[in-house]
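Enquirer: Below you will find the structure I want to go over with you.
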Amino acid sequence: MYNPAALSIRYREDGQIEAFGPPGFSVAVEHYSGEALGTSAIISPDTEFGDMALIEGTRGCPSRCSFCLLGNIYRFRSEDTGKVIGDAKDVGIIGGGISFHPHIVEIVENFRTQGVRVHLPSLRLDEVPIELIELLKDDIKTLTFGIEAGTERLRTFLGKKITDDEIFSRIGAIMGLKSFNLKLYFMIGIPGETLADIDAIPELVKGPATS
């Protein structure tokens, strides 16, 4: 974090930065070395998440999917956080491996008993506890899942070995709780991908074929 008012910036003709002033300017990077995971230090309505407090529930991810930097850099850690930050009435529990948190259901239950609404990031469809979705169904309208690819072959290659039938079955169980809006993440440009793999994405989103 730096204050640009303390710098002068010289640009090249193509718009790229050529140099900063004063010439001796530098930034010292200090890596966090503590054991506790991160939480919001500043809560303000003038931020992207409004008055929501963010709490890092996990770091890393045991899936270690081939495309994910986070899962392959950090060892998986989880934290049993349940403390409200200040007067926040909305808490976002963040982390790449939230679906694998061993106590995520109990943590959400704890927040709800304190009158705090809980928001979650993208979840792993085949790992997220159905009990968790049921706890949150009255507070959220949209659920986000990373499907990643339209074919089982590519999903296996990426590290998400879930079949089409398992996807439909899991989504069916979730939609049986409430008619959620679903946001599904897919990637295009995966090594070894074919046009058939790309065409499979909208077909998968349409749901199982019916006779």
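Enquirer: Do we find that L154 is within 20 Å of R112 (Cα to Cα) and in contact with a helix residue (DSSP H, G or I) (Cβ under 7 Å, 6 or more places away or on another chain) in this structure?
Expert: Against the criterion (within 20 Å of R112 (Cα to Cα) and in contact with a helix residue (DSSP H, G or I) (Cβ under 7 Å, 6 or more places away or on another chain)), L154 does not qualify.
Residue by residue, here is whether (1) closer than 21 Å to E106 by Cβ; (2) among the aliphatic types (A, V, I, L, M); (3) at pLDDT 85 or above holds:
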site: V29; (1), (2), (3): no, yes, no
site: I43; (1), (2), (3): no, yes, no
site: A53; (1), (2), (3): yes, yes, yes
site: T81; (1), (2), (3): yes, no, no
site: V84; (1), (2), (3): yes, yes, no
site: A88; (1), (2), (3): yes, yes, no
site: G92; (1), (2), (3): yes, no, yes
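Enquirer: Would you mind finding the one in V91, V84 that is open to solvent by 30 Å² or more (accessible area, probe 1.4 Å) and more than 26 Å from F186 (Cα to Cα)?
Expert: The conditions single out V84.
Enquirer: Hey, does segment 182-190 have a residue that's closer than 20 Å to L37 by Cβ and open to solvent by 30 Å² or more (accessible area, probe 1.4 Å)?
Expert: So far as segment 182-190 goes, no, none of its residues is closer than 20 Å to L37 by Cβ and open to solvent by 30 Å² or more (accessible area, probe 1.4 Å).
Enquirer: Picking from R64, R170, R117, which residue would you name as being under 26 Å from F49 (Cα atoms) and either touching a helix residue (DSSP H, G or I) at 6+ places or on another chain (Cβ under 6 Å) or open to solvent by 20 Å² or more (accessible area, probe 1.4 Å) (or both)?
Expert: From the options R64, R170, R117, the qualifying one is R117.
Enquirer: Out of all the residues in segment 146-156, is one or more at pLDDT 90 or above, open to solvent by less than 10 Å² (accessible area, probe 1.4 Å) and within 24 Å of G38 (Cβ to Cβ)?
Expert: Looking through segment 146-156, at least one residue is at pLDDT 90 or above, open to solvent by less than 10 Å² (accessible area, probe 1.4 Å) and within 24 Å of G38 (Cβ to Cβ).
Enquirer: Continuing with the same structure: When segment 191-204 is examined, which residues are found to be open to solvent by 80 Å² or more (accessible area, probe 1.4 Å) and assigned to a helix (DSSP H, G or I)?
Expert: L195, D199, E203
Enquirer: Pairs under 9 Å by beta carbon, first residue charged (D, E, K, R) in segment 169-197, partner assigned to a strand (DSSP E or B) and open to solvent by 60 Å² or more (accessible area, probe 1.4 Å), six or more apart or different chains?
Expert: As it stands, the answer is K183/T142, since those pairs meet every condition given.
Enquirer: Exactly one of (1) open to solvent by less than 10 Å² (accessible area, probe 1.4 Å); (2) among the β-branched types (V, I, T); (3) in contact with a Pro (Cβ under 8 Å, 6 or more places away or on another chain); (4) within 20 Å of E148 (Cβ to Cβ) is unmet by V128. Its number?
Expert: Result: V128 passes all but (3).
The values are calculated or read from the model by the stated rules, or taken from the named source; none is laboratory data. Computed from a predicted model, the values in this text were never measured in an experiment. Ideal geometry is used to build each Cβ from the backbone, glycine not excepted, and the neighbour counts take in all protein chains shown. The area values use the complete protein model at the heavy-atom level, side chains included, leaving out ligands, DNA and RNA. Shrake-Rupley method; radii C 1.70, N 1.55, O 1.52, S 1.80 Å.
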